[in-house]
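> First the structure, which I've put down as structure tokens, then a few questions once you've had a look.
Where a number appears in this text, it was derived from the coordinates with a stated rule and is not lab data. Please read all numbers here as calculations on a predicted model, not as lab measurements. Every residue, glycine as well, gets a Cβ built from its backbone with ideal geometry; the counts of neighbours run over all protein chains shown.
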Amino acid sequence: MTTLPLFERVIEHGDRIAVQDKTHQTTYAELLRRSELVAAHLLAGHNDLNEARVGFLIPAGPEYVAVQWGIWRAGGIAVPLSLSAVEKELEYTLTDAEISRVVVAPDLTSRVRELCLRYNLPLTHVDHIPAASSVSLPEVDPSRRAMMLFTSGTTGQPKGVVSTHTCIQAQIESLVKAWHWQSEDCIPLFLPLHHIHGIINVMSCALWSGGRIDTFPVFDSELILKGVSADTWSVFMAVPTIYVKLIAAIEALHETERQPVIDGFGRMRLMISGSAALPASVHSQWTTLTGQKLLERYGMTEIGMALSNPYSGERRPGAVGQPLPGVSIRLWSEHQTVVAAENTPGEIHVKGPCVFHEYWNRPDATESAFLEGWFQTGDIAILQDGYYRIMGRSSVDIIKSGGYKLSALEIEAALLDHPAISACAVVGIPDGTWGETVSAAVVLCPGGSLKLHELRSWCKDKISSYKIPHHMKTIESLPRNAMGKVTKPAVTKLFTQ
């Protein structure tokens, strides 16, 4: 038996339902037994995989969990592959991670068969793993490498982010404590399982706690709303786009169907938004509609979650809260000093057991990612009344104009509050006088109209707190035809000094 704390907890959960879909339920005991078979098959008579990388292409469900656990119990490094990746992307992952073998769901075999033949990689169908009567598994120390997820940040080729078992455990325990996970919790899982959000925040926290996961192959608003109205789940986690879609779906329901859904959301213990900035307007709209105040948090592949609005207390729209248990945060100025004052931008630095071990085969990148033992996230934030607020990536989201540091994300959020604008993107364009000027591409809502003088007046009131120069030079929009499709693309220069 391995010594990893995760499996000690799984044994305690026993016959509780761990994972279910629309046709099957799988207990913790069954998952543990399946993972043992996977481990035995991967070991193939050897004593230990010794951190060999095992890729797996499996949708959310009990087999995903069994394979992940089996790799860990055999002493390997689990490398989940993206279900949406094209062949070139899969090839990059297999070769860069130096994958030793691949485990695949039967209906996904064609996605990787040729690649496995090309690189002489053993390919295992998850449903062809034989039974084993007695298996001797290695003792796996928690300090060993456990998982590799790929991230590219904003530049360069994707990098393999390697986390140890200790790191993963720290990430889980921090969230379980902060978000009050309990064995009675049930949560739907429709997020991708090659990202930290789905793997740690949803799946791992639920299974660590003895809760139940209901898996969906894709996000299906009709099925989700039906489950919500039946009080199926106590916890809900999604990205902002899904909340926008849910608002539209709820508003489209007949009144007799709408109220049970609204009531179901209102009775949930916890609802969380993450992986992208949640516009304050969506936060407010969701609260008005359901009574739920969404909890926003901040994290990334290299650190898991680092900041979170409180479980009990003010959940402030537009802010990502305070450091999670076991996480230390500092803001670092461009002058290479710690930012001590509030409302002063600085790069988020993170320290704690949640921080990743290394970038795979990239010692220089690993070394340059740290400063004085702190991981440099590349994200710029400010502290306002005790809450951190993300301004954006230092490389792409911070626009330097006339001595000001402007957040493209904040400007986008403000523009999205305009009733005629359905989508927008804000960028900085080089300017000889001001360094950069703020420019945007906007898409009008179907049937919407936008006049320059009206938007100029509106922006002056809405964005003054961002210290943005308000003298508009030109503006065009992306009008839509009767079918709602964009008919005239244009990049617009919105602000200049």
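> Using only alpha carbon pairs under 8 Å that are at least six residues apart, calculate the relative contact order of the range 134-202 and give it in whole percent.
Numbers: 57 pairs, mean separation 16.9, N = 69.
Relative contact order of the range 134-202: 24 percent.
> Mind computing the radius of gyration and Dmax over the alpha-carbon atoms of the range 72-183? Å is fine for both.
16.6, 49
> Can you give the FRET efficiency to the nearest 0.05 for Glu184 and Asp263, using r as the Cβ-Cβ distance and R₀ = 25 Å?
On the way: r = 20 Å, r/R0 = 0.78.
FRET efficiency, Glu184 to Asp263: 0.80.
> Under the Karplus relation 6.51 cos²θ - 1.76 cosθ + 1.60, θ = phi - 60°, what is the ordered set of whole-Hz ³J(HN,Hα) values for the range 56-61, x standing for Gly and Pro?
After applying 6.51 cos²θ - 1.76 cosθ + 1.60, I find 9, 10, 9, x, 4, x Hz.
> Give me the angle, in degrees from 0 to 90, between the Cα long axis of helix 109-118 and the longest principal axis of the Cα atoms of the chain, rounded to the nearest 10.
Result, in degrees: 70.
> Something else: Roughly what angle does helix 452-462 make with the longest principal axis of the chain, taking Cα atoms, 0 to 90 degrees, to the nearest 10?
60 degrees
> Would you kindly derive the ³J(HN,Hα) couplings of the range 203-220 from the backbone phi angles with the Karplus curve 6.51 cos²θ - 1.76 cosθ + 1.60 (θ = phi - 60°), listing them in order in whole Hz, with x for Gly and Pro?
5, 5, 5, 5, 6, 4, 8, x, x, 10, 10, 9, 9, 10, x, 8, 6, 10
> Between beta-carbons, use under 15 Å as the cut-off and find the net charge around Tyr359, counting Lys and Arg +1, Asp and Glu -1. Display every interim value, and only then the final one.
Values: positive: Arg53, Arg145, Lys159, Arg362; negative: Asp96, Glu98, Glu302, Glu358, Asp364, Glu367.
Here the charged neighbours net out to -2.
> Given a cut-off of under 8 Å on Cα pairs at least six residues apart, what relative contact order in percent is computed for the range 34-75? Write out the running numbers ahead of the final one.
On the way: 38 pairs, mean separation 28.3, N = 42.
Over the range 34-75, the number comes to 67 percent.
> Take Tyr359, Tyr64 and order them by how many other Cβ atoms sit within 10 Å, fewest up front.
With the sparsest Cβ surroundings first, the list reads Tyr359, Tyr64.
> What order do you get for 67-79, 23-35, 255-267 when each peptide is scored by the mean count of other beta carbon atoms within 10 Å, highest first?
On the way: 67-79: 26.2, 23-35: 16.6, 255-267: 15.0.
Peptide ranking by packing, descending: 67-79, 23-35, 255-267.
> Which entries in the list Lys88/Lys159; Lys88/Lys351; Lys22/Lys245; Lys293/Lys351 go over 27 Å, if you measure between the two C-alpha atoms of each? Please list the in-between numbers first.
On the way: Lys88/Lys159 15 Å; Lys88/Lys351 35 Å; Lys22/Lys245 22 Å; Lys293/Lys351 29 Å.
From the list (Lys88/Lys159; Lys88/Lys351; Lys22/Lys245; Lys293/Lys351), the Cα-Cα distance tops 27 Å for Lys88/Lys351; Lys293/Lys351.
> Can you tell me, using C-alpha contacts under 8 Å and at least 6 residues apart, the relative contact order of the chain as a whole percent? Intermediate values should be presented prior to the final figure.
Numbers: 991 pairs, mean separation 46.2, N = 497.
The value is 9 percent.
> Could you order peptides 197-204, 239-246 by the average number of other Cβ atoms within 10 Å of their residues, highest first?
Values: 197-204: 23.4, 239-246: 17.8.
Top of the packing list down: 197-204, 239-246.
> By how many nm would the segment from Lys226 to Asn120 lengthen if fully extended, with 0.36 nm per residue of separation less the alpha-carbon distance?
Details: separation 106, 0.36 × 106 = 38.16 nm, distance 4.58 nm.
Computed gain between Lys226 and Asn120 is 33.6 nm.
> Per Stokes-Einstein, at 10 °C and 1.306 mPa s, what whole-number D in µm² s⁻¹ belongs to the range 186-393, with the Kirkwood radius over Cα pairs as the hydrodynamic radius?
Numbers: Rh = 18.4 Å.
In µm²/s, the coefficient rounds to 87.
> Once the Cα gyration tensor of the range 186-231 is found, what semi-axes does its equivalent ellipsoid get, as square roots of 5 times the eigenvalues, in whole Å, sorted largest first? Please report the intermediate quantities before stating the final value.
Working: eigenvalues 72, 39, 7 Å².
So the three semi-axes of the range 186-231 are 19, 14, 6 Å.
> If you fit an axis through the alpha-carbon atoms of helix 87-96 and take the longest principal axis of the Cα set of the chain, what angle between them do you get, 0 to 90°, nearest 10?
Orientation of helix 87-96: about 60 degrees from the principal axis.
> Run the numbers for Thr256 and Gln384: contour at 0.36 nm per residue of separation, minus the present Cα-Cα distance, in nm. The partial results should precede the final answer.
Details: separation 128, 0.36 × 128 = 46.08 nm, distance 4.24 nm.
Length gained, Thr256 through Gln384: 41.8 nm.
> So what is the orientation-averaged projected area of the range 16-117, using the convex hull of its C-alpha atoms, in nm²? It would help to have the intermediate numbers written out before the result.
Working: hull surface 27.1 nm².
Value for the range 16-117: 6.8 nm².
> To continue, here is another question. Taking the convex hull of the alpha carbon atoms in the chain, what volume per residue do you get, in Å³?
Dividing the Cα hull volume of the chain by its residue count gives 167 Å³.
> I'd like the GluC sites (Glu not before Pro) in the range 312-375 restricted to DSSP loop residues with at most 13 other Cβ atoms within 10 Å, sorted by number. Let's see the in-between values first.
Working: sites: Glu314, Glu334, Glu342, Glu347, Glu358, Glu367, Glu372; in loops: Glu314, Glu334, Glu342, Glu372.
Qualifying residues, ordered by number: Glu314, Glu334, Glu342, Glu372.
> In the chain, with Lys and Arg counted as +1 and Asp and Glu as -1 at Cβ, which of these residues, Ile58, Ala252, Ala105, has the Cα nearest the positive end of the dipole, that is, farthest along it?
Result: Ala252.
> Taking H as built 1.01 Å from N, whose amide H comes closer than 5 Å to the amide H of Leu307, not counting residues under 5 places away?
Those lying under 5 Å, H to H, from Leu307 are Tyr298, Leu324.
> Starting from the amide H of Gly378, placed 1.01 Å from N in the peptide plane, find each other amide H under 5 Å away whose residue is 5 or more places distant or on another chain.
The answer is Ile348.
> Related question: Evaluate 2.2 N^0.38 Å with N set to the residue count of the range 276-415, then give the Cα radius of gyration divided by it.
Values: Rg = 15.7 Å, N = 140, 2.2 N^0.38 = 14.4 Å.
Here the answer is 1.09, to two decimals.
> If amide hydrogens are placed 1.01 Å from N in the peptide plane, which non-local residues have theirs closer than 5 Å to the one on Ala423?
Excluding prolines and chain starts, which carry no amide H, the hits are Val443.
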